[in-house]
Every structure is written in C-alpha cells, then in structure tokens.
Amino acid sequence: MPILDQLQKDLVAAMKAKDELRLGTIRMIKTAVQKAAAVDASKPLNDAAEQQILKSLAKQRVESAEMFRTGGREELALKEEAERVIIEAYLPAAASELEIDDAIEAAVQELAAAVPVPVGIKQMGQIMKAAQAKLAGKTVDGKVMSEKVKARLS
C-alpha cells in the first residue's frame with residue numbers, strides 16, 4: 001500500500017481514537033511527503049524517496065530531543081521521542097548489529113579481492129556504499145555504520 005494511503009487510513013483511525021499525538025505526527029508526515037511530491041511533480045515518489053523523508057523526520061526528532069534535554073525541557077524531549085517512534089513505524093525494520101557487521105565484512109572481503117592494495121581507511125566510502133547496498137530494504141543508521149566500518153578498518 002502506498003504510504004499516503006496508509007497515512008490517510010491511520011489519520012482517520014487516530015481521529016476516531018482522539019489520539020492527539022499520533023494525529024499531529026501523522027499530519028506532519030503526510031505534509032512532508034506531499035510537499036516532496038509537489039516539489040518534484042514530474043514523477044511520483046518512489047519507496048526509497050519516501051523512506052528518505054521518513055528517516056530525515058526521525059533524525060530531526062532525535063536531534064530535537066537532545067537539544068530539549070540540554071535545555072532542561074524533559075517533557076518536550078519525551079514528546080519528540082514519542083513522535084520518532086510513530087515515524088519509525090512507517091519505516092522498514094532496522095538492520096540488526098549482526099546484519100550490519102556481516103554486510104561490512106562481506107564488503108571488505110569483496111573489495112580486498114578486487115583491489116591489489118591492502119584495504120584501509122581510504123576505502124571507507126567504497127565499503128560503506130557496498131555494505132549499504134547489501135542491507136537494501138532495511139533501515140540503517142549511517143552514523144552507526146560509519147563507526148563500525150572505522151573500527152573494522154583500524
């Protein structure tokens with residue numbers, strides 16, 4: 001089911017349940033997706049573009065929660081985290097630590113076989129790209145993957 005259809009269905013359910021937090025969050029998601037579709041009206045959004053929008057919204061919630069905590073506003077930080085959970089419900093399942101490690105190791109092995117020089121930190125970008133391709137369809141935090149690749153190459 002396209003994400004806009006799912007959002008509309010969930011929006012109606014949130015209205016009926018009088019769930020204000022969920023209702024506001026779904027409206028915000030729907031607006032962001034529609035805005036992105038309107039900006040690039042020449043073609044409809046594909047799943048990858050929709051997922052990127054959702055990831056961006058979730059990342060914004062994490063950063064906002066950190067800032068609210070720094071400013072001593074715990075109640076607003078909790079609200080941001082609750083919104084992040086709702087947003088992440090529309091994303092595919094996150095890759096596990098083991099899956100990320102396996103993808104990185106496979107990418108390193110493939111690159112080592114293809115390149116005559118030892119694989120090092122200079123090839124980090126290539127390894128990241130190959131590992132993310134292996135984890136296609138799963139949500140992966142780029143920061144976590146970057147740290148794992150650095151640790152593997154060190």
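The values are calculated or read from the model by the stated rules, or taken from the named source; none is laboratory data. Predicted model only: the values in this text are computed from it and were never measured. Cβ sites come from the backbone with ideal geometry, for glycine too, and all protein chains shown count toward neighbours.
The table below lists the values:
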read-out: Breaking point among (1) touching a helix residue (DSSP H, G or I) at 6+ places or on another chain (Cβ under 8 Å); (2) loosely packed, with under 15 Cβ neighbours inside 10 Å; (3) touching a residue at least 40 places away in the same chain (Cβ under 8 Å), for residue 93; value: (1)
read-out: Those residues of region 96-128 which are within 16 Å of residue 142 (Cα to Cα), touching a helix residue (DSSP H, G or I) at 6+ places or on another chain (Cβ under 8 Å) and of a type in the set (A, V, I, L, M, F, W, C), in sequence order; value: 100, 103, 104, 107, 124, 127, 128
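So that you can scan it fast, the table gives a plain yes or no per residue for (1) modelled with pLDDT of 85 or more; (2) in the same structural domain as residue 21 (by TED's automatic domain parsing); (3) on the phi > 0 side of the Ramachandran plot:
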| position | (1), (2), (3) |
| --- | --- |
| 70 | yes, yes, no |
| 81 | yes, yes, no |
| 102 | yes, no, no |
| 106 | yes, no, no |
| 114 | no, no, no |
| 122 | no, no, no |
| 129 | yes, no, no |
| 137 | no, no, yes |
| 147 | yes, no, no |
